[in-house]
Amino acid sequence: MHVKQTIAIIGAAGNMGQAIAKALAKEENRLLLFSSNQQKAQLVAEEIKSKNAAIEVEGTGCPVDASWEADIIILAVPYQAEAEIAKKIEDVARQKIVISISNPLNETFDGLVTLPGTSAGEELQKILPDSKVIKAFNTTYAVNFVQPLIDGKQTDAFIAGDHATALTVVEELVRSAGFNPIVAGPLKVSQTLENMQLLLIQLTMKYNYNWHAGWKILHN
Amino acid sequence: MFEQLIKSIQDKVPATEEELQLCKHYFTPKKIRKKQFLLQEGDVCNRLAFVEKGSLYSYSTDAKGTQRVIQFAFEGWWISDLYSFFTKEPSNLNIEALEDSELLLLDHEQHDYLLKNIPQYETYTRLILQNAYVALQRRIEGTIGLTAEEKYSRFLNQYSTCLNRVPQHLIASYLGITPETLSRIRKQMTR
């Protein structure tokens, strides 16, 4: 028997939060699902339990307690909500892996609201200086979690961060969620990753990919 | 969140406010619920745990699954498997929460950073390890040399303030006696 890793998913009732929760619903993980609407978080937990009763998962109404219990915290919230929640959990997130999944898109989806030379990932690290912020799951759509194969190929999922051990842990998490993890580089590479998703979203809308689209690096 | 740790450090070394504040940044705050594990047999113990609130205990299990309690830890105590932590070999021990607890954890990287950069922390750690070594020596000496009654008396002295928080069968296991023997000793002592 191994000690289960406790993963807090903040924003677990949203599209991405639910998708991540379901993809990480495995016996080696213990999931704490927070949503500002606790009932919704509980419904997600119940849905997971109904498929496999052995999964340890629960909905919670307190992001601080969930993060305090967690080994890994996933902020599955929009960029605009990230700073507020980060400030709340700062003390209990110290030295922990905090995954930033957000893309700081503007309202018209034709640009990013972050200033040039920074990214949502780096901005989160500034608010949580003692945490190990890792950019992950930002280049994947929620539907990819249900079907990580697109056109018969396993979708790549890029990871960026400054802390080697934390990158290894998240790489394994991404792999267990069904994606092919690629460590792209230090946290500042978030700028590229967030722009990549901006492009993918624009192309998805332009060519009507119906959200079944993702990134795959072709190489020898 | 850090009250017990700061008290523990200040009890042993004259750390400055600045050093104490710096220490805080390197600990991982972790809540753990009753009956949850901090460490399970077969895993490498990669974290030292300081108990800020609540209690835990460490134990091994024999072939029949019987628990053999090694140590209890309450507020202000440290608990881990030092063998596994320092050798990075898989542990033979389990560390389980007796009560809902609040811990402050240190992994190798954080621990090494504090040792290198805060001399008072190094002194503090040396004193903690020194005490742990003495406690271990006393425990071995007691286990092989004392009668069940003497072991229980020593246990009462050592854990006097926390006695009612530990189930009797775990105390018996810690002392290496059966719960029935412990019950008999307790009756004798109350006479």
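The values are calculated or read from the model by the stated rules, or taken from the named source; none is laboratory data. Model, not experiment: these values are computed from the prediction. Reconstructed Cβ throughout: ideal geometry from the backbone, glycine too, with neighbour counts over all protein chains shown. To get the accessible areas, we keep the full protein, side chains included, count just its heavy atoms, and leave off ligands, DNA and RNA. Shrake-Rupley method; radii C 1.70, N 1.55, O 1.52, S 1.80 Å.
Of the listed requirements (1) assigned to a helix (DSSP H, G or I); (2) surrounded by fewer than 18 Cβ atoms within 10 Å (Cβ to Cβ); (3) of a type outside the set (A, V, I, L, M, F, W, C), A:Asn144 misses just one: (2). Quick check: anything in segment B:70-79 away from chain A (no Cβ under 13 Å) and of a type in the set (S, T, N, Q)? Yes; the residues of segment B:70-79 include at least one that is away from chain A (no Cβ under 13 Å) and of a type in the set (S, T, N, Q). When A:Gly121 is tested against the conditions (1) in contact with a Leu (Cβ under 8 Å, 6 or more places away or on another chain); (2) touching a residue at least 40 places away in the same chain (Cβ under 8 Å); (3) open to solvent by 20 Å² or more (accessible area, probe 1.4 Å), the lone failure is (3).
The combined condition, being under 24 Å from B:Gly54 (Cα atoms), part of a helix (DSSP H, G or I), open to solvent by 10 Å² or more (accessible area, probe 1.4 Å) and hydrophobic (A, V, I, L, M, F, W, C), is fulfilled by B:Leu129. Can you tell me which residue within segment B:83-103, out of those that are more than 17 Å from B:Thr61 (Cβ to Cβ) and either polar (S, T, N, Q) or touching an Asp or Glu at 6+ places or on another chain (Cβ under 8 Å) (or both), is farthest from the other protein chains (Cβ to nearest Cβ)? Restricting to residues being more than 17 Å from B:Thr61 (Cβ to Cβ) and either polar (S, T, N, Q) or touching an Asp or Glu at 6+ places or on another chain (Cβ under 8 Å) (or both), the top hit is B:Thr87. Could you tell me whether any residue of segment B:76-85 is surrounded by 18 or more Cβ atoms within 10 Å (Cβ to Cβ) and in a strand (DSSP E or B)? Within segment B:76-85 (the criterion being surrounded by 18 or more Cβ atoms within 10 Å (Cβ to Cβ) and in a strand (DSSP E or B)), the answer is yes, since at least one residue qualifies. Applying the criterion of being surrounded by fewer than 18 Cβ atoms within 10 Å (Cβ to Cβ) and assigned to a loop (DSSP other than H, G, I, E, B) to the residues of segment A:148-177, the residue that is modelled with the highest pLDDT is A:Asp162. Selection within segment A:181-206: residues that are in contact with a helix residue (DSSP H, G or I) (Cβ under 8 Å, 6 or more places away or on another chain) and not in a helix (DSSP H, G or I). The member of this set that is least open to solvent (accessible area, probe 1.4 Å) is A:Pro181. Would you check if A:Glu58 is at pLDDT 95 or above, of a type outside the set (Ser, Thr, Tyr) and exposed (fewer than 14 other Cβ atoms within 10 Å of the Cβ)? No, not satisfied.
One residue stands out in segment B:38-64 among those that are within 12 Å of chain A (Cβ to nearest Cβ) and over 15 Å from B:Leu105 (Cβ atoms): the one that is farthest from the chain's Cα centre (by Cα), namely B:Gly42.
When you check A:Ala86 against the structure, is it touching a strand residue (DSSP E or B) at 6+ places or on another chain (Cβ under 6 Å) and open to solvent by less than 40 Å² (accessible area, probe 1.4 Å), yes or no? Considered against the rule, which asks whether it is touching a strand residue (DSSP E or B) at 6+ places or on another chain (Cβ under 6 Å) and open to solvent by less than 40 Å² (accessible area, probe 1.4 Å), A:Ala86 comes out as no.
Selection of segment A:86-106 for residues being out of contact with any Ser or Thr (no Cβ under 9 Å at 6 or more places or on another chain), in contact (Cβ under 8 Å) with a residue 12 or more places away in the chain and not charged (D, E, K, R) yields A:Ile99, A:Ser102, A:Leu105. Does any residue of segment A:65-77 turn out to be within 14 Å of chain B (Cβ to nearest Cβ), touching a residue at least 60 places away in the same chain (Cβ under 8 Å) and open to solvent by 30 Å² or more (accessible area, probe 1.4 Å)? Yes, segment A:65-77 contains at least one residue that is within 14 Å of chain B (Cβ to nearest Cβ), touching a residue at least 60 places away in the same chain (Cβ under 8 Å) and open to solvent by 30 Å² or more (accessible area, probe 1.4 Å).
It is to be established whether one or more residues within segment B:102-114 are open to solvent by 20 Å² or more (accessible area, probe 1.4 Å), charged (D, E, K, R) and over 19 Å from B:Arg47 (Cα atoms). No, because not a single residue in segment B:102-114 is open to solvent by 20 Å² or more (accessible area, probe 1.4 Å), charged (D, E, K, R) and over 19 Å from B:Arg47 (Cα atoms). Exactly one residue among A:Leu167, A:Leu187, A:Leu173, A:Leu198 is closer than 22 Å to A:Ala8 by Cα and touching an Asp or Glu at 6+ places or on another chain (Cβ under 9 Å), and that residue is A:Leu187.
If you check A:Thr108 against the conditions, is it modelled with pLDDT under 95, more than 14 Å from every other protein chain (Cβ to nearest Cβ) and at negative phi?
Taking the combined requirement at face value, the residue satisfies it.
Regarding segment B:3-20, can at least one residue be identified that is touching a helix residue (DSSP H, G or I) at 6+ places or on another chain (Cβ under 7 Å), β-branched (Val, Ile, Thr) and within 11 Å of chain A (Cβ to nearest Cβ)? Scanning segment B:3-20 turns up no residue that is touching a helix residue (DSSP H, G or I) at 6+ places or on another chain (Cβ under 7 Å), β-branched (Val, Ile, Thr) and within 11 Å of chain A (Cβ to nearest Cβ). Quick one: is B:Glu141 under 19 Å from the mean Cα position of the chain (by Cα), away from chain A (no Cβ under 13 Å) and in a loop (DSSP other than H, G, I, E, B)? Criteria not met by B:Glu141. In this structure, B:Ile9 qualifies as buried (at least 20 other Cβ atoms within 10 Å of the Cβ) and either aromatic (Phe, Trp, Tyr) or farther than 21 Å from B:Pro167 by Cα (or both).
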